[in-house]
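A short worksheet on the structure shown next.
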Amino acid sequence: MKKTATGTGPVIIKKYANRRLYNTESSSYITLDHLAAMTREGRDFKVVDAKTEEDITHNVLTQIIMEEEARGQTMLPVPFLRQLIALYGDSMQAMVPGYLEASMDSFRRNQEQFKSAVEGAFAHSPFAEIAKRNMAMFEAAAQAFKPGAQGGVPGAAAPAAAPAAGAASSKDDEIAALKAELAKLQDKVAKL
């Protein structure tokens with residue numbers, strides 16, 4: 001998270017005693033949701049107590065996580081939280097932050113590689129536009145291949161008109177081609 005709008009360092013956010021957050025870059029009051037959005041965008045910021053100038057970024061980020069978890073956006077499983085709490089005061093506590101940071105960096109790199117591989121697998125298939133717009137649409141397309149499914153793949157281009165006599169054969173050929181593409185993708189994902 002190193003991006004800044006001006007390139008001169010992190011955006012300073014002041015937190016006042018009334019719990020309000022003030023963005024010094026935009027000269028406006030913001031919410032924790034704004035800070036969460038800035039984090040997702042890769043914007044670097046520092047939250048300081050308006051009175052003492054103490055850096056409270058860690059506390060505010062933890063508060064954002066707690067609010068996300070309370071909304072049902074749970075990402076931290078209970079066993080993980082228990083293990084994390086158990087490490088407080090342990091002789092290994094000093095090593096945990098570095099380990100977690102390295103693990104998250106590795107996870108993000110793997111996520112980017114997986115995304116690139118999946119997008120590359122779709123590059124020359126009928127699913128190309130779907131994959132670029134939203135990976136979730138792929139699952140909807142896979143549902144179309146299940147027995148008894150009606151209709152085509154949402155967002156897929158309509159097939160070219162075929163002569164009436166060959167219409168059923170053309171549709172079968174198209175389904176076979178889509179199944180072959182799906183199988184290729186599954187092989188690539190399995191190799192990852």
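Computed from the coordinates by the stated procedures, all read-outs in this text should not be read as laboratory data. A quick note: this is a predicted structure, and the numbers were derived from the prediction, not measured. Note that we place each Cβ from the backbone using ideal geometry, even for glycine, and neighbour counts take in every protein chain shown.
Computed values, structure above
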read-out: For residue 47, distant residues with modelled amide H under 5 Å away; value: 13, 56, 57
read-out: Cα gyration tensor shape of region 6-45, rounded if a/c is under 1.5, else prolate or oblate by comparing a/b with b/c; value: oblate
read-out: Within region 14-75, chymotrypsin sites (Phe, Trp or Tyr not before Pro) in DSSP loop having at most 15 other beta-carbon neighbours inside 10 Å; value: 16
read-out: Longest to shortest principal axis, alpha-carbon extents of region 22-65, angstrom; value: 28, 24, 16
read-out: Chain lengthening between residue 99 and residue 46 when straightened (0.36 nm per residue, less Cα-Cα); value: 16.8 nm
read-out: Region 1-80: antiparallel DSSP beta bridges as a percent of all, rounded to 5; value: 55 percent
read-out: Three-way shape label, region 1-101, alpha-carbon gyration tensor, a/c 1.5; value: prolate
read-out: In region 15-98, GluC sites (Glu not before Pro) in a DSSP loop with at most 13 other beta-carbon atoms within 10 Å; value: 53, 54
read-out: Loop trypsin sites (Lys or Arg not before Pro), region 6-110, which have at most 10 other Cβ atoms in a 10 Å radius of their Cβ (DSSP); value: 19, 51, 71
read-out: Residue 27/residue 58 FRET efficiency (R0 22 Å; Cβ-Cβ; nearest 0.05); value: 0.30
